[in-house]
């Protein structure tokens, strides 16, 4: 009988039309799993549902642990539903304004996914779902306000607000106690970096409308990943970025108004990757000294007007540079510092540095220089000090005025 049913899985793509009564699930006292789902192709549902609740819904089994209902058509779950056993709630593409009316006890609920629920305006309070670990509000386009109580979800580890187009501001000085990843990407009307504190590990601001990364960023001392890529209004990155001692990855690609990069003069031992692709950096000096282990990915615009402003670049101490990718985009650089980068081989692309006048390769581990070094027609000073593995030097450019190969023990 229906008492023996513990789970219902219904592929809605196979249902032409289904009209459910308000107590359609009333005779099923034990189901713990209820999944009304739509198959997807490339992450997009293949069709809209044909399930209707013409008279509303009065009942859901209180034994439910898992509830997934694609395009749930009502403004909230049934008033009398008690979610005390619910562990995971998925209502993608639903019409809910809030999950339930009034106060409920959902102390076992740890995962909520309401993505593409474009009528959503409110989420429950921590007193109702104290063990929430992850909430996905991706493309909840009418969700406009993050309440102060968001900080009181003591176990919250993932907060996804990507595509919440109505979100314009964030309550000030919200402090997250738990380790958390926050995604504001594609919040196109978010104009300022939210004033948030606490144990934030990842912060995604991709394609937002922020104009600067302010001094206050230094308060996020646990931050490991910062993504402000494709922020077309971003003009300034605070020098306090160097205070982020846990930062591993910095994404700045396609920030079309970012014309300067702050000097990084303090040790940032964890920083491994910076992406400056397609940013119109116009600083004459890009100073990235002492970033041990850094991989810089840099594809600057091909406009000569932009590249001619890029005169001096220092990567001393950066151990993971991808030289074949990096060197061709620095063709207008006049001074290039690659000291102590752990380089074991100088690629032939070194010959693409057509404007370089000063080249410092000191303290590296390569055994030879490629013949293409002769193509450096503007080179005046070449520093090879303390290159202990260097065994030979090829023919050098005619304009070279100074060669310093002190302490090259194998020469």
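Rule-based calculations on the coordinates, nothing more; no lab input. Small disclaimer: the values here were computed from a predicted structure and weren't measured. Cβ coordinates were reconstructed from backbone atoms using ideal geometry, including for glycine residues, and neighbour counts include every protein chain displayed.
Please give the contour-minus-distance gain from residue 74 to residue 178: 0.36 nm per residue of separation, less the Cα-Cα distance, rounded to one decimal in nm. All intermediate terms of the calculation are to be shown ahead of the outcome.
On the way: separation 104, 0.36 × 104 = 37.44 nm, distance 3.30 nm.
Difference between extended and current length: 34.1 nm.
Which of the peptides 171-177, 249-255 is most tightly packed, and how do the rest follow, going by the mean number of other Cβ atoms within 10 Å of each residue?
Numbers: 171-177: 14.7, 249-255: 21.1.
Packing proxy ranking, top to bottom: 249-255, 171-177.
Mind jotting down a quarter of the surface of the convex hull over the alpha carbons of the range 152-260, in square nanometres, one decimal?
Details: hull surface 23.9 nm².
The orientation-averaged projected area of the Cα hull of the range 152-260 comes to 6.0 nm².
Where both partners of a DSSP beta bridge lie in the chain, what percent of those bridges are antiparallel, to the nearest 5?
Values: 2 of 64 bridges.
For the chain, the DSSP antiparallel bridge percentage is about 5.
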Relative contact order of the range 1-101, defined on C-alpha pairs under 8 angstrom at six or more residues apart (%): 26 percent
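Give me the number: length gained by fully extending residue 87 to residue 257, i.e. 0.36 nm times residue separation minus the C-alpha to C-alpha distance, one decimal in nm.
On the way: separation 170, 0.36 × 170 = 61.20 nm, distance 4.49 nm.
Residue separation times 0.36 nm, minus the Cα-Cα distance, leaves 56.7 nm.
At R0 = 56 Å, how high is the FRET efficiency between residue 148 and residue 406 if r is their beta carbon distance? Nearest 0.05 is fine. Please list the in-between numbers first.
Working: r = 62 Å, r/R0 = 1.11.
About 0.35, to the nearest 0.05.
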Find the relative contact order for the chain and round it to a whole percent, using C-alpha pairs within less than 8 Å whose residues are 6+ positions apart. 6 percent
Over 22 Å [Cα-Cα, the range 1-132], rounded percent: 33 percent
If every alpha-carbon in the range 113-161 counts as one equal scatterer, what log10 I(q)/I(0) does Debye give at q = 0.19, 0.22 1/Å? -0.58, -0.78
Highest to lowest packing among 322-332, 156-166, scored as the average C-beta count within 10 Å: 156-166, 322-332
So what's the gap between the Cα centers of the range 343-374 and the range 22-38, to the nearest angstrom? 69 Å
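Could you calculate the FRET efficiency of residue 238 with residue 365 from 1/(1 + (r/R0)^6), where r is the beta carbon distance between them and R0 is 51 Å, rounded to 0.05? Write out the running numbers ahead of the final one.
On the way: r = 36 Å, r/R0 = 0.70.
With a Förster radius of 51 Å, E is 0.90.
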Computed from these coordinates, which is P(r) over Cα pairs in 20 Å bins from 0, in percent: [x] 23, 39, 25, 12, 1; [y] 25, 58, 17, 0; [z] 24, 48, 19, 7, 2, 0? [x]
Extension length gain for residue 221 and residue 325 (0.36 nm per residue less Cα distance), in nm, is 34.3 nm
Going by average Cβ density within 10 Å per residue, which order do the peptides 135-145, 400-410 take, highest to lowest? 135-145, 400-410
Given the -39500 (n - 2.57) contribution per DSSP H run of 4+ residues, what per-residue ellipticity at 222 nm results for the chain, rounded to the nearest 500 deg cm²/dmol? -500 deg cm²/dmol
